[in-house]
Amino acid sequence: MEIIDILLTANFWAAALRIATPLIFGVLGALICERAGVLNLGIEGIFTAGAMAGWMAVWLGAGLWGGVLFAALAGSFFGLIHAILTVPLGLSQHVSGIGVTLLATSLSYFTYRTALPDVSSPPRIIPFQPLDIPILSDLPFIGPALLSQTALTMLALVMVFVTGWVLYRTPLGLAIRAVGDNPSSVEAQGLSVYALRIGAVVAGSSLMALGGAFLTMSAFDAFFFGMINGRGWVCIALTVFASWRPGKALLGALLFGAFDAFQVRLQTEVGAFLPSQVFLMMPYLLSIAALIIVARKADYPKALLVPWFKGQR
Amino acid sequence: MSSAANPSLKTSRQLLLQLAAITKKFGPLIANDAIDLDLHKGEIVALLGENGAGKTTLMNILFGHYVADAGTVMVAGADGILAPLEPGAPQAALDAGIGMVHQHFALAENLSGLDNIVLGTEPIFRLRRDRTKARTKLAKLMAGSGLNVDLNQPVHKLTVGEKQRIEILKALYRDARLLVLDEPTAVLTPQEADSLFATLRQLAATGLSVIIIAHKLAEVLAVSHRIAVLRGGKKVGEMATDQADRRSIAELMVGRDVPVSRRSERAPGKPVIALRDVTIDRGDARRSLHGVNLMAREGEILGIAGVSGNGQAALAQLIAGLDRPDIGSVEIFGEKVTKFDAHQFAQNGIARIPEDRHHDGMVGSMTVAENIAIEDVRSRDYQKFGFLDFEAIRKRAEHAIVDYDVRCPGPDAPARLLSGGNIQKLILARVLEKSPKLILANQPSRGLDVGAQSEVHRRLLEAREGGAAVILISEDLDELLTLSDQIAVIHAGHVSAAIAAHDIDRSELGLMMAGQKKTDENTPRSGDPA
């Protein structure tokens, strides 16, 4: 009974949405890259770089939105590295992606340590504050769940819509979906495969970085080592779960957020019987289960992972 | 150059395209060697040549997929004045009114036909797509050309013929003045091919110029106004179609007389493989066999006739040792097989020429030499102290390249660079050099040009002379009737009794392939063999 009660509180759903926000950014970014045919395993590092860059920009006085912009730029920088290695040079997307993750993570930690050599507790910034949107907040049930969210969560929700619109309603999205299925179809119609793929990876990476920025500028107010904690990898799995669709990406991220919020609350209810690690494991176990069910039928973009070279036969 | 030497080709019509001295090399291979070609408005030119003659390369240069090492491409503008085309830019080719239908369709399968056609024709940074205009224009084009297809279906749901129509519509939608078709009939049924030709002639009559790449003579004679023949990267001849005759073109293409294969009379020896009441049920009709009895004897070619997808794949898998029967048994040299294992079967002298030579016959990223040795890496001939003896492998490959006339840059070239015909010769070399007891040849000449085809036939007959049994699975009746001693027909997983090839005629065979028994030709299909 208490379990049902948990699920019915607005407080629970507010937490679920809060946990889901960085994942929404991450999955959207990953699916844009993959729709164009490029797997971006740099995501974990790009999260870290976004978290670090956004926070540091604010700390240096750039303002919150300046921080967001700076995080996005950091993301596109690492995205560009990955894109150059994998698109025109056609190197292994796995190897390059993991390389970018290591590079971006290390560079972020290095920058942090260089800027703040002797601090024991990380300096804090004033993060994004919960918004009070007049009409939305008055809605029953949804209202309270949205009430405690910050502008970045709203941005994530808007980006779901924007990504969906671009992919399915614009000529650009059409070209991105085509290039991920059969690059030759795009080249035969006079468009540049390289430009489309590089563009998609750069744009996707900047979205990923916003996921990281949310952690330091909204969920918390400082940068810690290891704070990304595998969120990027979860996004890669959720992308498959979402079948590369923005709407389902939102659903997947919310599902994961809900599992996570649920396990925290469950711990306080039945924590006496089981060690807390079991609960921490739960969202990941459930995502693996969900993935097994969904991914078996997954319809991968056909050119995913396949390099394409101009003029090669 | 050669077109200027042939004044009968000069027409009063407007010159649309002029290729001059186009040369393109891939490593040491000269794919195009100073090729000239002209094209006029409303003209259909057939580019004829064997696989690897350089036809596709030339068209890929025209369309900007490749950049030529030398030579110029001139295209007439709207004013009729020739201007050079920017090399290496498909967009420039499209802008100049050149549309290309690739042999391997350049379609995104996840998108609808309409999306594929419209892709790239609208400004890319736009908030919306307007399809009403596109639909109106396409409806008009479809009505005018007879190229009807459901534009809203995702492409992966369309048949091959429909995909091709989308490809042609793609070009017409961009107001193409020149349409290049690369081997358009390779994937079509005869009826679809006829309707394609009708469409092309109709479009040419309205002023569209067409270049059609082909290697089948009959088709070329049926559709084109003019024929240009390529061989080994050079243009070796050009003529008006109404002045061309089959035999001389065939010789031009191949560069020599095409030998006609003949079977000698020869008494068959003892059975090599026998299938006894074999049933394999895999649910899917394509992969099932029902109560099959079959026997292949030494020095005999057993033809298996049938429309593809009637159980040939199951039969081939079984004979190669890749599958086991659910019911019934297989005997090799009179001994019942207990262990179905491909390696074991190969040890017993069974060699296969697989149906999909690119996919099952070779490893594209490995070298020609490695592909020659790939089935026998366990053999002592290729080993030295337990390691691969690359010197021996290389030597073997060099021999194979010469003996089987495999045209390739060398033994160290990656096999994916080879054309289909040369891959098949590579496979023949690998298979026949082992002096197999049984050769399983599955569609061995499908998609090959005249020269390569006759080479395959000659080699199979040679193996038969040497006492090997051959099981020849084919859809090509001419091939079956020329080569086979006995022919059995496969239909829906049932195999008829083998009939001596000289007792059978084409129409009878055709009817049996469609599912009618030999004895009652008047019964329709409902009398499926029990």
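DSSP loop chymotrypsin sites (Phe, Trp or Tyr not before Pro) in segment B:331-405 with at most 11 other Cβ atoms within 10 Å of their Cβ, which ones?
Those satisfying the criteria are B:PHE385.
What is the Cα radius of gyration of chain B over 2.2 N^0.38 Å, N being its residue count?
Rg over 2.2 N^0.38 Å, computed on Cα atoms: 1.07.
Which percent of the accessible heavy-atom area of chain A goes to carbon and sulfur, probe 1.4 angstrom?
Using a 1.4 Å probe with all protein chains present, chain A comes out at 72 percent carbon and sulfur.
Kirkwood hydrodynamic radius for segment B:428-474: how many Å is it when counted over pairs of different Cα atoms?
10.8
Give, rounded to the nearest 20 debye, the magnitude of the charge dipole that segment B:367-417 has about its Cα centre when Lys and Arg contribute +1 at Cβ and Asp and Glu contribute -1 at Cβ.
100
Can you tell me the orientation of helix B:160-173 relative to chain B, as the angle in degrees between its alpha-carbon axis and the longest Cα principal axis, to the nearest 10?
In chain B, helix B:160-173 runs at an angle near 10 degrees to the longest axis.
Run the numbers on segment B:72-108: which residues show a drop of 30 Å² or more in accessible area, chain on its own versus all protein chains together, using a 1.4 Å probe over heavy atoms?
B:PRO90, B:GLN91, B:ALA106, B:ALA108
Against the longest principal axis of chain B, how steep is helix B:390-403, in degrees 0 to 90 to the nearest 10, with axes from Cα atoms?
The answer is roughly 70 degrees.
Quote the total accessible area buried by chains A and B together, excluding ligands, DNA and RNA, probe 1.4 Å, nearest 100 Å².
Buried area between the two chains comes out at roughly 2600 Å².
With every atom except the alpha carbons ignored, what do you get for Rg and Dmax of segment B:367-417, in angstroms?
10.8, 33
With every protein chain left in place and a probe of 1.4 Å, what is the accessible surface of B:ARG394, to the nearest 10 Å²?
Approximately 80 Å² of B:ARG394 is accessible to the 1.4 Å probe.
Mind listing the Cα extents of segment B:153-312 along all three principal axes, in Å, largest one first?
Projected onto its principal axes, the Cα set of segment B:153-312 covers 61, 47, 25 Å.
Quote the charge dipole size of chain B about the Cα centre in Debye, to the nearest 20; the model charges only the Cβ of Lys and Arg (+1) and of Asp and Glu (-1).
900
Convex hull over the Cα atoms of segment A:221-313, averaged projected area in nm²?
That works out to 9.9 nm².
Any chance you could check the Cα centroid distance between segment B:241-316 and segment B:457-491 for me, in angstrom?
Between the Cα centre of segment B:241-316 and that of segment B:457-491, the gap is 5 Å.
At what distance in angstrom do the alpha carbon centres of segment B:152-208 and segment A:72-101 lie from each other?
Here the two parts' Cα centres lie 40 Å apart.
Accessible area, 1.4 Å probe, largest first: how do A:HIS94, B:HIS457 sort?
A:HIS94, B:HIS457
In Å², and per residue, what accessible area does the protein assembly as shown have when probed at 1.4 Å with the other protein chains present?
I get 44 Å² per residue for the protein assembly as shown.
Seen from all sides and averaged, what is the projected area of the convex hull of the Cα atoms in the protein assembly as shown, in nm²?
46.3
Can you give me the pair-distance distribution of segment A:171-279, C-alpha pairs, 10 Å bins, whole percents?
Histogramming segment A:171-279 at 10 Å steps yields 12, 29, 31, 17, 8, 3, 0 percent.
In deg cm²/dmol, rounded to 500, what helix-only [θ] at 222 nm does the protein assembly as shown give when every DSSP H run of at least 4 residues adds -39500 (n - 2.57) and the total is split over its residues?
Taken over the protein assembly as shown, the calculation gives -14000 deg cm²/dmol.
Pop out the carbon and sulfur fraction of the accessible area of segment B:367-417 as a percent, whole number, probe 1.4 Å.
Summing carbon and sulfur atoms, their accessible area is 54 percent of the total for segment B:367-417.
Helix B:450-465 versus the longest principal axis of chain B: what angle, 0 to 90°, nearest 10, using Cα atoms?
10
Compute for chain A: radius of gyration divided by Kirkwood radius, i.e. Rg/Rh, restricted to C-alpha atoms, rounded to two decimals.
0.99
When the accessible area of each residue in segment A:182-214 is compared between its chain alone and the complete protein assembly (1.4 Å probe; ligands, DNA and RNA ignored), which residues differ by at least 30 Å², being lower in the assembly?
Residues meeting the cut-off: A:ASN182, A:SER185, A:GLU187, A:ALA188, A:GLN189, A:GLY190, A:LEU191.
Within chain A, which complete DSSP H helices have Cα atoms spanning at least 24 Å along the helix axis and a mean Kyte-Doolittle hydropathy of -0.5 or higher?
Span-like helices here: A:10-35, A:64-86, A:93-115, A:151-169, A:193-214, A:246-270, A:276-295.
What ranking of A:TRP165, A:TRP233, A:TRP55, A:TRP65 comes out by heavy-atom accessible area, probe 1.4 Å, highest first?
Result of the area sort, largest leading: A:TRP65, A:TRP233, A:TRP165, A:TRP55.
The values are calculated or read from the model by the stated rules, or taken from the named source; none is laboratory data. Treat the numbers as computed from the prediction; the structure is a model and nothing was measured. In this analysis, Cβ positions are derived from the backbone assuming ideal geometry, glycine residues included, and neighbour counts consider all displayed protein chains. Each accessible area value is taken on the protein alone, full model and side chains, heavy atoms only, with ligands, DNA and RNA left out. Shrake-Rupley method; radii C 1.70, N 1.55, O 1.52, S 1.80 Å.
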